[in-house]
Each structure stands twice: as C-alpha cells, then as structure tokens.
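In what follows, a single structure is set out as structure tokens and then discussed.
The values are calculated or read from the model by the stated rules, or taken from the named source; none is laboratory data. Just so we're clear, the structure is a prediction, and the values are computed from it rather than from any experiment. Here the Cβ is made from the backbone with ideal geometry for all residues, glycine too, and neighbour counts use every protein chain on show. Heavy atoms of the whole protein, side chains included, go into the accessibility calculation; ligands, DNA and RNA do not. Shrake-Rupley method; radii C 1.70, N 1.55, O 1.52, S 1.80 Å.
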Amino acid sequence: MTILAALLLGVLLGLFSARGDGVQLMVINGLANAASPWIILAFAAGALQRAPRSGALAGAVALLAAVVTYYAGFLAGGAAFLLPFLAVWAVAAVLAGGLLGLAGGAWRSDRARWGAAAVALVCGLLLAEAAHRLILLEVWTGIEWDRTYMQVAVADIVGAGVALLVLRSGTRWRRLAVALPLVALGGLAVLSAGDVMLRFAAGAAR
C-alpha cells in the first residue's frame, strides 16, 4: 500500500509540475519548475516505508511516476521530440529518487544513526537551490521581491527551516552541523557546474 501511495504522490507531483506552468501566480509557477517539491516528495515517500531499501524503491517509483506523468500529456499531444528528455529525466528520477527515498527510510527506521545525514540531505539540497537562485538573480545588487527566482528561493529557505523543525527529533546536532553545510555547498557546486555546461552547449550550438 505504501508503494501505491508513493506512485499516487508521484502522479500528483507530475500533474502539479505540468499544470503549474500555466498558473498566473508566479511563486506557484516557479515551484512547479523547481527541484524542491521533488526533493521533499521523494524523501517523504521513503519515510513512509520505514526501512532504507524499501524507502529507496518508493522514492524512485514516486519520482519516475512524476516524470512520466509530466511528459505524458505532451507526448499524447504529438510532441514525440520530447522522448529523449523523458528518457534522461527518467534515469535522473530513479537515481535521485532512490537516494532521497533511502534517506527517508533510514531516517524513519533509525534516527539516532542516520538522522543527521538524512536531515542534512533534504535541508542542504533545499538551501543549495535557494542559493543558486539568489546567485542567478545577483541579489548583492539589490533584492527584487517580485522576481520568481526570489520567491522560490524564499520558499526553499522556509521549506528547509520547516523540514529541520519537523525532522530534527533524534538527530545528533554535531553531525548535522557538519553535514548540512557540506551538502548545501556540494549541491550548489553541482548546480553551478550544470549552468556552465548549459552555457557551453548553447555557445557550441550557435
């Protein structure tokens, strides 16, 4: 039943991401294209399983269902050129969903042992995305609250704070104090490297 719940959650996430593109409220539009809902959902799907291995499976199933749901409408409309994107994101969903689901299952089964690492993974990735959005906005030149990236960054920071409060029970704070900055910096480095690669690919295609 919990795997079915993960599947249902994934379908709902895919629908939210697909429909969110047309929403006029920009923060919702931005979150529909952000990583944070995917991070939280995969972790939650894993936590429902109460064990690391089954949590990894649930996380992978949830994000794979979300990717398939997201692209299903476009493909049904004749956008066959999106199939390579579906394949790439499906692989990414299985890998990322498996890792986050593993963390969720480990947190649920043994917080004393894995709690700090699991909480650091979720909160660190949310903070990494927030930092990435703020860097793209160049916030040191001025804060513009009406920009979608700014709103998503704030939502990510708030989400990280809420996740920390909800998940903190049983965690070892010294471990968390070390792991959280490392995950945040690592996630930011990956996102920044992705930006560089995209710019390089765009330049080479001209």
| field | Rounded to the nearest 20 debye, dipole of the chain from Cβ charges on Lys, Arg, Asp, Glu | value | 740
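Let me have the 222 nm mean residue ellipticity of the chain computed from DSSP H runs of 4+ only, each contributing -39500 (n - 2.57), with the sum over all residues rounded to the nearest 500.
-28500 deg cm²/dmol
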| message | Give me the net charge for the shell around residue 155: Cβ to Cβ below 10 angstrom, other residues only, Lys and Arg +1, Asp and Glu -1. | response | -1
| Normalised alpha carbon radius of gyration of the range 118-182 [divisor 2.2 N^0.38 Å] | 1.23
| field | Neighbourhood charge, 12 Å Cβ-Cβ cut-off, centred on residue 122 and excluding it, Lys, Arg +1 and Asp, Glu -1 | value | -1
| Which of the GluC sites (Glu not before Pro) found in the range 126-180 are in a DSSP loop and have at most 15 neighbouring Cβ atoms, other than their own, within 10 Å? | 138, 144
| Of 149, 71, which has the most accessible area and how do the rest follow, probe 1.4 Å? | 149, 71
| remark: Mean shadow area (nm²) of the C-alpha convex hull around the chain is 12.7
| note | Counting only protein heavy atoms and leaving out ligands, DNA and RNA, the solvent-accessible surface of residue 16 at a 1.4 Å probe, in Å² to the nearest 10, equals 80
| said: As a test question: what accessible area, to the nearest 10 Å², does residue 125 have when a 1.4 Å probe is rolled over all protein chains in place? | reply: 50
| field | Listed residues 89, 66, 184: farthest to the positive end of the dipole of the chain (Cβ charges) | value | 184
| message | Given contacts defined as C-alpha pairs under 8 Å and at least six residues apart, what's the relative contact order of the chain, whole-number percent? | response | 22
| field | Accessible area per residue, Å², the range 1-132 with all protein chains present, probe 1.4 Å | value | 47
| request: Return a whole-number percent for the relative contact order of the range 72-158, with Cα pairs under 8 Å and 6 or more residues apart as the contact set. | output: 19
| query | Using Cα pairs under 8 angstrom and six or more residues apart, how large is the relative contact order of the range 15-74, in percent? | reply | 29
| Say R0 is 22 Å: what FRET efficiency, to the nearest 0.05, do residue 28 and residue 158 get from their beta-carbon distance? | 0.90
| task | Report the accessible area of residue 54, computed with a 1.4 Å probe over the heavy atoms of all protein chains in place, in Å² rounded to the nearest 10. | result | 40
| field | Modelled label reach - residue 172, point 7 Å along Cα→Cβ, the range 97-124 residues with backbone N closer than 16 Å | value | 107, 110-121
| note | A 1.4 Å probe over the protein heavy atoms gives the range 153-206 a carbon and sulfur accessible-area percentage of 73
| If Lys and Arg each add +1 and Asp and Glu each add -1, what is the summed charge of the other residues whose beta carbon sits under 11 Å from the beta carbon of residue 167? | +3
| Contour minus Cα-Cα distance for residue 53 and residue 200 (0.36 nm per residue) | 49.1 nm
